[in-house]
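The values are calculated or read from the model by the stated rules, or taken from the named source; none is laboratory data. Because the structure is a prediction, the values reported are computed rather than measured. FYI the Cβ positions are ideal-geometry reconstructions off the backbone, even for glycines, and counts take in every protein chain you see. Heavy atoms of the whole protein, side chains included, go into the accessibility calculation; ligands, DNA and RNA do not. Shrake-Rupley method; radii C 1.70, N 1.55, O 1.52, S 1.80 Å.
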Amino acid sequence: MQRIPIVGGNWKMNTTRATAAALARAVAAANGTQDAVQVAVFPPFPYLIEVASALRGSPIMLGAQDVYFEPDGAFTGEISTSMLRDCGCNWVLVGHSERRHVIGECDDLVNRKVLAAVGAGLNVILCIGETKGQREAGEADAVNERQLRAGLRGVSAAQMKSIVIAYEPVWAIGTGLTATPEDAQAAHKAARAVLAGLFDPSTAQATRIQYGGSMKPGNAANLMTMPDIDGGLIGGASLNAADFSAIVQAAAPH
Ligand code: PGA
């Protein structure tokens, strides 16, 4: 099964209106002819429209960092799926570790967001991953399984075509610590086995599973050679167009 690698740039709460547009233009210029890897960027909400216009005509896809599950109404501060589509997004991150562990999102909320986003025609990157304590307690696979089962409750095998999984060990995000390629591969293989049980083996084989957590130009190639690693979700290094593009290059099948 040949899966097309996908690399996402999660800009988090960084950039300004001007630097977001400049970064988008630089990413588009560096990856405009890249067709072996799908590339998406995830700017802050206020800059989506600006970035959408900077990316126009390029194959770089646009996503948001979060979404709310209700279609509209009295939900102060929240953003709906149709608003994202209206701004030119076709991707959204759901369940990022900072949403789970800093903001306090639970599995049930993550699941509602996944269902709303896919139902509205958005593609989803569903993020999962264990904390340092959970890994040290030998609970990593169990935590990832729970987050997958809960996050994908009610999702059909057909809808899995619109979903990418990002395995992001919490202890590796923004810390400079990266899972070894072997540890990451083991987690990805375990996640794929959970998908096979939840859906069927061919759906599991077709689903892209990205690695995230301090992926940089210097470690990307070794991670990408692993058979179950299908790209990356990049935080810090995605704020530099040259670094991000080097990671995209590393994800291309050789
Ligand atoms: P990082 O972030 O690359 O800065 O570790 C990854 C992520 O949070 O998606």
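Things worth noting here:
- Phi angles of the range 13-21 translate, via the Karplus equation with coefficients 6.51, -1.76, 1.60 and θ = phi - 60°, into HN-Hα couplings of 9, 10, 6, 10, 3, 6, 6, 5, 5 Hz per residue; Gly and Pro are given as x.
- Listed peptides 73-81, 161-169, 99-107 by packing density, highest first (mean Cβ within 10 Å): 161-169, 99-107, 73-81
- Cross-link partners for K216 among the lysines, with Cα-Cα distance under 17 Å and sequence neighbours closer than 8 places in the same chain left out: K12.
- Seen from E70, the other residues with C-beta closer than 11 Å to its C-beta sum to a net charge of 0, counting Lys and Arg as +1 and Asp and Glu as -1.
- The residues neighbouring A52, those whose beta-carbon lies less than 14 Å from its own, together hold a net charge of +2 under the Lys/Arg +1, Asp/Glu -1 convention.
- Whole-Å distance, taken between Cα centres, linking the range 54-77 and the range 158-227: 24
- Ligands, DNA and RNA are left out, and with a 1.4 angstrom probe the accessible area of the range 1-135 is 45 Å² per residue.
- The 3J(HN,Hα) values that the Karplus relation (6.51, -1.76, 1.60; θ = phi - 60°) gives for the range 139-149 are, in residue order, 9, 4, 5, 5, 5, 5, 5, 4, 5, 5, 4 Hz. Gly and Pro appear as x.
- With only Cα atoms counted, the chain has Rg and Dmax values of 16.7, 50 Å.
- The chain - percent of accessible surface contributed by carbon and sulfur, probe 1.4 Å: 54
- Summed residue charge, Cβ within 14 Å of S80's Cβ, Lys/Arg positive, Asp/Glu negative: -2
- Calculated [222 nm] ellipticity per residue, helices only, for the chain: -12000 deg cm²/dmol; basis is -39500 (n - 2.57) per DSSP H run with n ≥ 4, divided by all residues, nearest 500.
- Residue-wise HN-Hα couplings along the range 227-244, as the Karplus relation 6.51 cos²θ - 1.76 cosθ + 1.60 with θ = phi - 60° gives them from phi, are x, 9, 9, 10, x, x, 10, 10, x, x, 6, 7, 7, 10, 4, 5, 5, 4 Hz; Gly and Pro carry x.
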